[in-house]
Structures are given as C-alpha cells and as structure tokens.
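Derivation of every value follows stated rules applied to the coordinates shown; laboratory data play no part. In this text, all values refer to a predicted model and were calculated from it rather than measured experimentally. Don't worry about glycine lacking a Cβ; one is built from the backbone with ideal geometry, like all the others, and counts go over all protein chains shown.
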Amino acid sequence: MTKTAAPTVDALLDAALNHVAFEGWGTATFHAAAKDLGISLAEAKALAPRGGLDLAMAYHRRGDRAMLDRLEHADLADMRFRDKVTTALRFRVEALDNPEAVRKATSLFALPTHAAEGARLLWETADHIWTALGDTSEDINWYTKRATLSAVWASTVLYWLGDDSLGKADTIAFIDRRIEDVMRIEKVKGQLRKNPLTKPLMSIQENLFGKVRMPVPSRFQDLPGRWQGPR
C-alpha cells in the first residue's frame with residue numbers, strides 16, 4: 001500500500017494561486033485551496049494557521065528563495081557593488097510570476113491590520129540581498145542599508161504592477177534610477193564628511209549613532225515550540 005505524502009505549504013500555496021486572481025488572499029481562496037488539495041480545513045490550518053495571510057507571506061518568500069538561488073549561481077565577481085544590488089533586484093523582479101497574486105498581496109499588506117507583516121517581508125527581502133552580497137556592517141549602517149533597500153523594493157513592486165513594457169524593461173530602468181539615487185546620497189554624505197564646515201556636524205551624528213549595533217540572533221530561536229510562520 002502506497003503511503004500518501006503529507007501536504008506541504010508549497011502544495012497548498014500552489015492550489016491557492018488558482019483562486020487568488022478572483023478571490024484574493026482571503027477565506028474563500030484558503031477553503032478552495034484546501035478542497036483542491038483534498039485536505040480538511042484543520043489540516044490546512046496546521047500548515048497556515050492564519051489562512052490566506054500566511055499563504056501570501058509564503059508566496060513572497062518563495063520569490064525571495066528564487067532570487068537567492070539565482071544569486072548563488074550568478075557570476076558577480078567583476079561587477080561594481082551597485083550593479084550587484086541592481087542584479088539582485090532584477091532577479092527578484094523576475095520572480096514575480098503572477099501579477100494578480102502580487103496585486104492582491106499588495107492590497108492585503110496595505111491594510112492597517114497587516115501592515116506589520118508587509119513591512120517585515122520588505123525588510124526580509126532587503127536583508128536577504130545585503131547578506132547574499134556579503135554585507136559586513138554591524139553598526140547603524142546595517143539598519144540604514146536595509147531600510148533604504150526596502151523602500152526601493154516597495155516602490156519597484158508598485159512600478160512593476162503598472163509596467164506594460166516588453167519584458168518589464170521599464171521596471172529594470174526604474175531600478176537603475178533608484179539605485180543611482182541611493183548612491184548619490186552616499187556620495188553626498190561622503191562629501192559632507194570632508195567639508196570643513198559640515199564635518200563637525202557629521203562627527204556629532206556618527207558619535208550619536210556609533211553605539212548602535214545590528215541585532216543579535218536570539219539564543220532561543222531554534223527551541224521547539226517557537227512558531228515562525230511558513231517560509
């Protein structure tokens with residue numbers, strides 16, 4: 001007798017994607033996905049306790065994994081760092097394979113009740129990129145890099161949703177412009193540090209934030225019973 005494989009979050013997500021365009025990431029989609037997969041709602045809830053919200057988050061993280069896989073196999077050695085960041089964002093854009101699923105997820109995470117989850121996902125994407133590219137910062141720059149890239153990614157998704165250009169070429173150009181803006185800000189900060197008039201002010205700022213450090217991973221994070229949501 002062949003043993004039936006246990007259902008997975010990925011399988012439930014795949015089933016949900018057949019309904020998201022019409023029903024969004026809500027209860028109707030979650031119930032339909034469970035039915036299509038041939039499992040009970042209790043089994044589906046065991047995989048995604050918060051229903052469609054967890055599946056929407058799983059969909060976002062699936063895109064992050066696709067980006068990281070491509071980065072792992074890409075030859076970035078001879079690229080300028082800004083070009084590496086642009087390439088990572090391009091890989092992430094190319095993982096957006098379902099416009100309606102992205103559109104519905106964007107609407108979901110724009111709701112006040114789910115804004116925290118949306119912000120967390122943006123931060124995760126930015127953190128994945130910086131970590132994959134070898135970022136070694138441990139001070140305030142750890143936060144500012146991720147905050148800046150989170151904002152770039154959020155605006156990129158919105159631009160992508162309205163982009164009708166062939167192969168989303170306009171979105172890639174948009175990314176180039178946004179990264180150029182970020183690099184321009186860093187260049188200005190460097191100039192301010194060298195300017196005799198503004199150097200004292202920059203020193204005050206650096207002293208003020210000099211004790212800020214990146215978060216230390218919790219020593220409790222791999223203990224059993226700690227729920228982190230579907231990935």
Orientation-averaged projected area, Cα convex hull of segment 59-188 (nm²): 8.4
Beyond 19 Å, what share of the Cα-Cα pairs of segment 35-109 remains, rounded to the nearest whole percent? 51
Expressed to one decimal in nm², the mean projection of the alpha carbon convex hull of segment 1-66 is 4.8
Can you tell which of L12, A42, M67 lies farthest toward the positive end of the dipole of segment 5-80, using +1 and -1 charges on the Cβ of basic and acidic side chains (Lys, Arg; Asp, Glu)? A42
Two pseudo-spin positions, 7 Å from Cα along C-beta at E72 and at N141, lie apart in nanometres by 2.8
Students often get this wrong: which residues of segment 102-116 have the backbone nitrogen under 18 Å from the point 7 angstrom along Cα-to-C-beta of D10? none
Between E94 and R50, what's the calculated FRET efficiency when r is the beta-carbon distance and R0 is 35 Å? Round to 0.05. 0.80
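Nearest 20 debye, what's the magnitude of the dipole of segment 1-143 about its Cα centre given +1 on Lys and Arg Cβ and -1 on Asp and Glu Cβ?
360
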In nm, to one decimal, how far is the modelled label at D181 from the one at S155, with both set 7 Å along Cα→Cβ? 0.1
Just report the Cα centroid separation between segment 103-165 and segment 43-58, whole Å. 21
Which order do F30, F81 fall in if you start with the one that has the fewest other Cβ atoms within 10 Å? F81, F30
For M183, M57, ascending order of other Cβ atoms within 10 Å (fewest first) is M183, M57
Expected vector for segment 37-53, Karplus 3J(HN,Hα) from phi with 6.51, -1.76, 1.60 and θ = phi - 60°, integer Hz, x for Gly and Pro, equals 7, x, 10, 6, 5, 5, 5, 5, 5, 5, 7, 9, x, 9, x, x, 4
